[in-house]
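The values are calculated or read from the model by the stated rules, or taken from the named source; none is laboratory data. Values in this document were obtained by computation on a predicted structure and should not be read as measured data. Note: areas computed on protein heavy atoms with side chains; ligands, DNA, RNA excluded. Shrake-Rupley method; radii C 1.70, N 1.55, O 1.52, S 1.80 Å.
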Amino acid sequence: MALLKVECLTKRFGGLVALDRVSLEVEEGHIMGVIGPNGAGKTTLFGTISGFHKPQEGAVYFRGRRIDGLKPHRICKMGLVRTFQIAQPFPGFTPLETLVTAALNTLPLARARKRAREVLEMVGLAEKAQEEGGNLTIADQKALEVGKAIATGGRLILLDEVMAGLTVLEAQTMMSLVKRLQAQGFTFLMVEHVMYVIMKLCDRIVVLNFGQKIAEGTPGEIAGNKTVIDAYIGEEAAVAG
Ligand SMILES: Nc1ncnc2c1ncn2[C@@H]1O[C@H](COP(=O)(O)OP(=O)(O)OP(=O)(O)O)[C@@H](O)[C@H]1O
Ligand SMILES: [Mg+2]
């Protein structure tokens, strides 16, 4: 059984169809990428899976349980967590305090403190445990976002453009973090515009365009798919080149 199953999901904002009958499945331990042009519906897909939006049609199953219509905090407690395209720091909190707060989602205080320390190590922020949150670099803030998701008890993590704004070196550090977490059993669904990251990290890729899924496959299959190149990769390559 897939860890996440999205069935024929439709989300409309007024007359705008942001998601149009999108279906996909994510296997436990996999990294699935979601790509597509700006406005394709990627963030809306994440918001709808994680309970921030209620879909007009379709269903979302996590570990076989139907979760669409549940509130985000309920879904989070079940182990499905999203990060945000723009990092959402807790104002005035150090990384340690942030992660303790996140861990209190599922743990009592003493264990939350211990878990927060472990997660700081996992995401490479142990040395910055007591820094003021506002002093963190973008890369550290992004690592902290991933840490937050893990500290809440998340097992399926939805990463929305976690590489955006990072230097090549920082992106490589983030890629190894995601790989390491995958090796520890975490599952990821990630939206990313940086193509080499998607191609390198993902087991499978889903392509959205105008709210519709236009392709799905392995990185190799997607890289050679003409519809995808026309809709997206060509444009990205042109920008990159
Ligand atoms: N809360 C909202 N209310 C109304 N329209 C929305 C809302 N959220 C998204 N939309 C619209 O839905 C469409 C899909 O937006 P979405 O943010 O999901 O795209 P995206 O693929 O994440 O784009 P980007 O790559 O720029 O982040 C866009 O046309 C957007 O303007
Ligand atoms: Mg988006």
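Across 10 Å bins from the origin, how do the percents of Cα pairs in region 29-77 run, short distances first?
24, 49, 26, 1
Could you please state how large a percent of the accessible area of region 21-80 is carbon and sulfur, counting protein chains only and using a 1.4 Å probe?
Solvent-exposed carbon and sulfur of region 21-80 make up 46 percent of the total.
How many angstrom lie between the Cα centre of region 22-98 and the Cα centre of region 161-232?
Distance between centres, Cα-based: 16 Å.
State, as an integer percentage, the relative contact order of the chain based on alpha-carbon contacts under 8 Å between residues 6 or more apart.
26 percent
With springs connecting C-alpha atoms under 10 Å apart, model the chain as a Gaussian network and identify which of G133, G36, G220 has the largest mean-square fluctuation.
Of G133, G36, G220, the most mobile in the Gaussian network model is G220.
Looking at the chain as a GNM with Cα springs under 10 Å, which of A223, A103, A149 has the largest mean-square fluctuation?
Evaluated over the chain, the most mobile residue of the options is A223.
For the chain, what is the calculated [θ] at 222 nm in deg cm²/dmol (nearest 500), taking -39500 (n - 2.57) for each run of four or more DSSP H residues and dividing by its residue count?
Rounded to the nearest 500, the figure is -10500 deg cm²/dmol.
Looking at the chain, send over the antiparallel percent of its DSSP beta bridges, to the nearest 5.
Of the beta bridges lying entirely in the chain, close to 55 percent run antiparallel.
For region 1-91, what is the accessible area per residue in Å², given a 1.4 Å probe and the full set of protein chains?
47 Å²
Please work out the Kirkwood hydrodynamic radius for region 79-136, using every pair of different C-alpha atoms, and report it in angstroms with one decimal place.
11.8 Å
Rounded to the nearest angstrom and ordered from largest down, what semi-axes does the equivalent ellipsoid of the chain get from its C-alpha gyration tensor (root of 5λ)?
29, 22, 15
To the nearest 10 Å², what's E221's accessible area with a 1.4 Å probe?
110 Å²
Over region 51-188, what portion of Cα pair distances is larger than 24 Å, expressed as a whole percent?
Result for the distance tail: 29 percent.
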